[in-house]
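These notes concern the structure reproduced below.
The values are calculated or read from the model by the stated rules, or taken from the named source; none is laboratory data. Being a predicted model, the structure only gives us computed values, none of them experimental. Note that we place each Cβ from the backbone using ideal geometry, even for glycine, and neighbour counts take in every protein chain shown. Remember, those area values only see protein heavy atoms, side chains included, never the ligands or the DNA or RNA. Shrake-Rupley method; radii C 1.70, N 1.55, O 1.52, S 1.80 Å.
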Amino acid sequence: MEQKIIFTNHVGESIDDIVGQLGSPAVFVLCDVNTQSFVLPVLQAQSGTVAAAKIISTRAGDASKDIEALASLWKSLSDLGATRQSVLINIGGGVVTDLGGFGAATFKRGMHFINVPTTLLGAVDAAVGGKTSVNFNGLKNEIGVFANADAVIISTCFFNTLPQQQLLSGYAEMIKHALLQSKDMLDRLLAYSVVYPLFDSEALLGLLEESVAVKQNIVAQDLTEKGLRRALNLGHTAGHAIEAMALKYQSPVPHGYAVAWGLVVCLVLSHMELGFPSETLHKIAAYVLENYGAHSITCKEYPELISLMRHDKKNPSPDSISFTLLKDIGQPVCGCVVSEEKIEAALDIYRDLMHI
């Protein structure tokens, strides 16, 4: 079933409409401590549904997306009397929609849920596509299920309060989608400024809808990631490894920043393996360096990064590392197994491009 996605700045009205259609007898809202302070009061004023809902709060930050938080959510739903006919509205970034989606999909074998992403990253990535998960054993998104929300409500009206870092984090996923789609889409994204003071929420909403459509089209053809959906892993094999290593050493980096750095590694490998155009590689590397800076990697860290890459869920076996690569913009090739020697060579070139 194709996921219902609504693009609107009348969020409260849309929530009321969807919950009314579901006919749910009880409504619960999951938010983290940040969205509880800054977003929840706005939606409570806009929506009678949210105003009357029972509120469940969780910790903020990716480090808190764990089994403990999941168990706490299940307990709250149980103690508050939730049933399979109830609806859980997840209001927040990717941590909240991942955690809330997983919790709702597994509580009493599945209850209704609606995602209301309040970050650009959540809107373009985590809230859309039916993936739900928690981190486990030091690994990103290690435990989870595929489960579509009954609806995803996407708006830019909450983005004006986001730090520049969070806007850039989400924008990296949009650049990934453009690399999978077309040169025209990529050029439009690279020409738009997502940072202050040039941020234009209405223009961004149009770019965001175009970007989400790329993911939605892929997911509609392959929900459970048996083939084409692996294209969305572009930049993530290396990016997740960078993110996991940073988290391990208690120096967490935003997911989108890790994806941006992972995209550079991926495009280097694409050039080495498939002849991806050098000019485009250098253009993306320069954009990433200018906007995301450089994540320092030393040669001594290569073995640990490669070990983390081996834990990627899309690898065909524990002995091989698989990447989604590009022949050119809009021409992804999934399941490219790459040797450790070539990965190390790509990391060397990444360091040169990032002036490390």
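When the Cα positions of Ala191, Ala60, Pro163 are compared along the charge dipole of the chain, Ala60 comes out farthest toward the positive end, with charges on each C-beta of Lys, Arg, Asp and Glu. Charge dipole of the stretch 206-332 (Cα centre as origin; +1 on each Lys and Arg Cβ, -1 on each Asp and Glu Cβ, all else neutral): 280 debye, rounded to the nearest 20. Separation of the alpha carbons by more than 20 angstrom is noted, of Lys226/Lys342; Lys108/Lys314; Lys65/Lys300; Lys183/Lys313; Lys226/Lys313; Lys4/Lys54, for Lys226/Lys342; Lys108/Lys314; Lys65/Lys300; Lys183/Lys313; Lys4/Lys54.
Counting protein heavy atoms only, the stretch 62-180 has 50 percent of its accessible area on carbon and sulfur, 1.4 angstrom probe. Evaluating 6.51 cos²θ - 1.76 cosθ + 1.60 at θ = phi - 60° for every residue in the stretch 71-79, the Karplus couplings come out as 4, 5, 5, 4, 5, 4, 4, 5, 5 Hz, glycine and proline recorded as x. Dividing the alpha-carbon radius of gyration of the stretch 183-225 by the rule-of-thumb value 2.2 N^0.38 Å gives 1.41. Restricting the trypsin sites (Lys or Arg not before Pro) of the stretch 173-277 to loop positions (DSSP other than H, G, I, E, B) with no more than 12 neighbouring Cβ atoms within 10 Å leaves Lys226. Computed from phi, the 3J(HN,Hα) profile of the stretch 236-242 under the Karplus parametrisation 6.51, -1.76, 1.60 (θ = phi - 60°) reads 8, 4, 6, x, 5, 5, 4 Hz, with x in place of Gly and Pro. Under the criterion of Cα pairs below 8 Å and six or more residues apart, the relative contact order for the chain equals 14 percent.
The rule of thumb for compact globular proteins, 2.2 N^0.38 Å, goes into the C-alpha radius of gyration of the stretch 43-119 1.04 times. How far, in degrees from 0 to 90, does helix 340-353 lean away from the longest principal axis of the Cα atoms of the chain, to the nearest 10? Here the helix axis deviates by roughly 90 degrees. The dipole here belongs to the stretch 1-119: it is taken about the Cα centre, uses +1 on the Cβ of Lys and Arg and -1 on the Cβ of Asp and Glu, and is about 320 debye.
Heavy atoms of the protein chains alone define the surface here; on that basis the chain has 41 Å² accessible area per residue at 1.4 Å probe size.
Here the peptides 238-246, 72-80, 297-305, 48-56 are ranked by packing, the mean other Cβ count within 10 Å, and the order with the highest first is 238-246, 48-56, 72-80, 297-305. Rg of the Cα atoms in the stretch 1-104, relative to 2.2 N^0.38 Å, amounts to 1.03. Between Val337, Val259, Val145, the GNM of the chain built on Cα springs shorter than 10 angstrom shows Val337 fluctuating the most. Using the rule -39500 (n - 2.57) for each DSSP H run of four or more residues, divided by the residues of the chain, the 222 nm mean residue ellipticity is -15500 deg cm²/dmol.
Work through the residues other than Leu325 whose Cβ is under 15 Å from its Cβ and net out their charges, Lys, Arg +1 and Asp, Glu -1. With Lys, Arg at +1 and Asp, Glu at -1, the net is +2.
Across the chain, the convex hull enclosing all Cα atoms gives 122 Å³ per residue. When the stretch 191-272 is described by a simple charge dipole with +1 on each Lys and Arg Cβ and -1 on each Asp and Glu Cβ, the residue from Val265, Pro254, Val214 located farthest towards its positive end is Val265.
I need the shape label for the stretch 227-339. Rule: rounded when a/c is under 1.5, else prolate if a/b > b/c, else oblate, with a, b, c from the alpha carbon gyration tensor. Cα axes put the stretch 227-339 in the oblate bin. For the stretch 194-321, the carbon plus sulfur part of the accessible surface works out to 55%, probe radius 1.4 Å.
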